[in-house]
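One structure below.
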Amino acid sequence: MARIIRFAACAAVLTVAALSHPAPARAAGFDGAWTVLIITEAGSCDQGYSFPLQISGGRVTSTGSANVTGAVGRGGAVTVRVSQGGSYASGTGRLGATSGFGRWSGKGGSGTCSGRWQATRS
């Protein structure tokens with residue numbers, strides 16, 4: 001479960017979904033492969049974890065087994081929610097041309113965790 005929370009937080013790399021649902025064409029400048037590093041600052045999750053994400057048409061996806069939903073707005077504001085089974089994590093932040101950062105929080109079998117994430121374009 002801790003691995004799911006870390007993964008979810010990365011896809012910190014990434015839920016400000018209530019703030020915006022950007023049109024995919026407006027965020028195309030962020031499309032491509034990204035690597036996200038999740039850093040746990042509170043809770044019993046592993047301290048760090050890295051995984052790949054894909055942004056296409058402003059939508060954040062992953063090839064893993066978790067359900068990843070997310071979006072990147074024109075200005076780089078990113079929101080992501082990851083879930084698998086009863087575990088979930090949400091993250092928000094901002095992407096630039098080659099890197100990004102933000103915060104995440106989630107809940108899984110080991111309890112609640114939270115921290116920060118960093119992303120780099122692959």
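The values are calculated or read from the model by the stated rules, or taken from the named source; none is laboratory data. Quick caveat: nothing in here was measured; it's all calculated off a predicted structure. Don't worry about glycine lacking a Cβ; one is built from the backbone with ideal geometry, like all the others, and counts go over all protein chains shown.
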Sole exception among (1) crowded, with 19+ Cβ neighbours inside 10 Å; (2) at pLDDT below 95 for Thr92, by number: (2)
Test: residue in the stretch 97-120 that is of a type in the set (Gly, Ala, Ser), assigned to a loop (DSSP other than H, G, I, E, B), over 28 Å from Gly29 (Cβ atoms) and touching a helix residue (DSSP H, G or I) at 6+ places or on another chain (Cβ under 7 Å): yes
Options Val82, Val78: the member that is within 21 Å of Gly106 (Cα to Cα), in a strand (DSSP E or B) and at pLDDT below 90: Val82
Residues of the stretch 14-40 classified as exposed (fewer than 13 other Cβ atoms within 10 Å of the Cβ) and at pLDDT 90 or above, total: 2
Residue that is surrounded by the fewest Cβ atoms within 10 Å (Cβ to Cβ), among those in the stretch 41-63 that are more than 13 Å from the chain's Cα centre (by Cα) and charged (D, E, K, R): Glu41
